[in-house]
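The structure appears right after this line, and notes come after that.
Every read-out reported here was derived from the displayed coordinates using simple, explicitly stated rules and does not represent laboratory data. What you are looking at is a predicted structure, and each value in this text was computed from that prediction instead of being measured. Note that each Cβ is placed from the backbone with ideal geometry, even for glycine, and that neighbours are counted across all protein chains shown.
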Amino acid sequence: MVDYLREVVGVILKSLGASYNIFFFDKEVHGGREVVKERFPSLQKQVFDDVEYRKAMSAGDVWVVVGWSSDVFPFAKHTLNITVIAPKLGTSLWADLWVRLFHHC
């Protein structure tokens with residue numbers, strides 16, 4: 001998975017049946033903050049930086065990748081044995097750019 005703390009914690013939260021968008025760990029996650037801390041080291045071993053996870057995908061060294069759509073979709077488009085999916089329970093949603101248009105009268 002990508003080396004981005006929010007994504008790593010998000011995967012842990014989803015595995016616990018919680019939302020990516022919680023405000024209070026101890027109220028909204030069964031086991032609270034402590035269970036998230038306990039699971040973090042096991043996922044940390046699976047974190048690659050942006051370049052390394054693409055290399056691992058290209059070499060066929062990984063079976064599943066949690067990655068940026070801007071990396072994964074182009075790769076899947078040119079590779080026959082790659083399928084891109086979004087889990088039924090959801091995934092993170094990001095917007096890298098917001099634009100506000102002003103109309104002058």
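Once R0 is set to 35 Å, what does the formula 1/(1 + (r/R0)^6) return for the Cβ-Cβ distance between Lys45 and Thr79, expressed as a FRET efficiency to the nearest 0.05?
The formula returns an efficiency of 0.85 here.
Rounded to the nearest 500, what is the 222 nm mean residue ellipticity of the chain from helices alone, with -39500 (n - 2.57) per DSSP H run of 4+ residues and division by all residues?
-13000 deg cm²/dmol
Of (1) 109; (2) 157; (3) 139, which one was derived for volume of the Cα convex hull per residue in Å³ from the structure shown?
Structure-derived value, by its label: (2).
Pairs of lysines 8 or more apart, or on different chains, with alpha carbons under 20 Å: count those in the chain, would you?
For the chain, qualifying lysine pairs total 8.
Show the residues, 5+ positions off or on another chain, whose built amide H is closer than 5 Å to the amide H of Val66.
Val2
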